[in-house]
Amino acid sequence: MYWRRIAELPAWLKAVMVGQLVSAAGALAWIYLTLYLVEDRGMSAQQAGFAAAAYGVGLLGGNLGGGWFGDRFGLRRAAVGSQLAWSICCLAMPFVPGALLIVVGMLAGLFGGAGRPNMSALVATALPAERRREGIALSRTASNAGFTIGPPLGGLLAAYNFSLVFVIDAVTSLVLAAVIWRWVPQASRAGSAVARGLWRVLLRDRQVLILLAAIVVIDTVYRQLFATMPLLLRDAGTPAVAYGLLIGLSSAVIVCCEAPLAVRLRAHRSTRVIAVGFALVGLGLAVLGVWPALVGATLAMVVITAGEMLYKPTATAHVADAAPEGMVGRYSSLYAAASISGMFLAPALGGAAYQHVPDLLYPVAAALALGAAVVLLLTRAAARDALPIGSTARQSSGS
């Protein structure tokens, strides 16, 4: 049944997913950015850190603003433009003088971030509401499959010639741009109602606002896996290679299971699926807090990955479903920005907490995740109870 449903997807959407896999496999440059700046460009660790931070600032700005361009000029055109601009930044990186590296890094983050919400919106608008979760899950599967290839390939290329890392990234991004331009129909746009004020509309949508706030919380605690979990395992006597294997295990599980799980759960209310995902993330973090040894960390990673597979594609589709006509790109931008907020909140908050109150970090993170799940369920229940007798709530993607 699962493979038959994939076969039923539009041909252009399947082509785009192949392009995403290729692009993700070549997404090497910014994984190795700090190492490149120190080893090849002679920067100090502090200077390289500033350049990486500039990339992060650009990434946030691109995620926030990219959807506006998609709504204004068309998702297809905006997605292609962001891929082309990203490729130019990649090709420029080895050649620009040191004084401009931070500027190029920020621009790269801006264009790379802008592509993400537009790709999500393209997939969301291509499918009927009941198939959006699985479509977004398949899109994530394609990207995650590419990510399992990319880092080892980047390490080999970096050992030979660091500039090749940027060239490969640019070329694979151009492949995705060509696929979008060739295969995505011209009519795949978010709509025409771009004149309405986003915030005026959003402030009337309390459920979406609460979900976005919950995503900021959950992403901050989820990304402790990358911010402080390596330190936790090191202090528990676990070798660094084991941490890498755990991250690889998580990616492999997502590639194999996320899309079939989305198909299996497509008839369930999205808010319930998201809340269960949040709760599983909290449970996994609690396990890490009380059992940081390798066996406990493995169990925690499996549970957290299960939660991630539940909440990430479902929340992405839910926000797209909630968008008024002509605002799918901008709503997707808000979700995209919320879903990467942990990239800068998690290291700052988690690092400080791990230094001063290490025993409290993971119990508090678990409590926050569980609290986000409860708030989401209570918000949904309150909204349902507030409906007039005889009326029905907007039902989209099973939400």
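Of note:
- Cα-based shape type of the chain, given that a ≥ b ≥ c are square roots of the gyration tensor eigenvalues and the cut on a/c is 1.5: oblate
- In the context of the full set of protein chains, residues of region 93-226 present 44 Å² of accessible surface per residue (probe radius 1.4 Å, heavy atoms only).
- Largest GNM mean-square fluctuation across VAL38, VAL221, VAL328, computed for the chain with C-alpha springs under 10 Å, falls on VAL38.
- Highest-fluctuation residue, GLY296, GLY350, GLY282 considered, GNM on the chain with Cα pairs under 10 Å: GLY296
- Among the trypsin sites (Lys or Arg not before Pro) in region 203-267, those located in a DSSP loop and surrounded by at most 11 other Cβ atoms within 10 Å of their own Cβ are ARG204.
- Cα centroids of region 207-263 and region 39-114: 25 Å apart.
- Within the accessible area of the chain (1.4 Å probe), percent carbon and sulfur: 70
- For region 41-60, the residues whose backbone nitrogen is under 15 Å from a point 7 Å from the Cα of VAL216, taken along Cα to Cβ, are 60.
- Residue-normalised accessible area of region 15-60, expressed per residue, 1.4 Å probe, Å²: 42
- Residue of TYR311, TYR354, TYR335 that the Gaussian network model of the chain assigns the largest fluctuation, springs spanning Cα pairs under 10 Å: TYR354
- In Hz, Karplus ³J(HN,Hα) per residue of region 301-311 (6.51, -1.76, 1.60; θ = phi - 60°; x = Gly, Pro): 5, 5, 5, 5, 5, 4, x, 4, 5, 6, 7
The values are calculated or read from the model by the stated rules, or taken from the named source; none is laboratory data. Note that the coordinates shown come from a computational prediction; the quantities given were computed from them, not determined experimentally. Don't worry about glycine lacking a Cβ; one is built from the backbone with ideal geometry, like all the others, and counts go over all protein chains shown. Remember, those area values only see protein heavy atoms, side chains included, never the ligands or the DNA or RNA. Shrake-Rupley method; radii C 1.70, N 1.55, O 1.52, S 1.80 Å.
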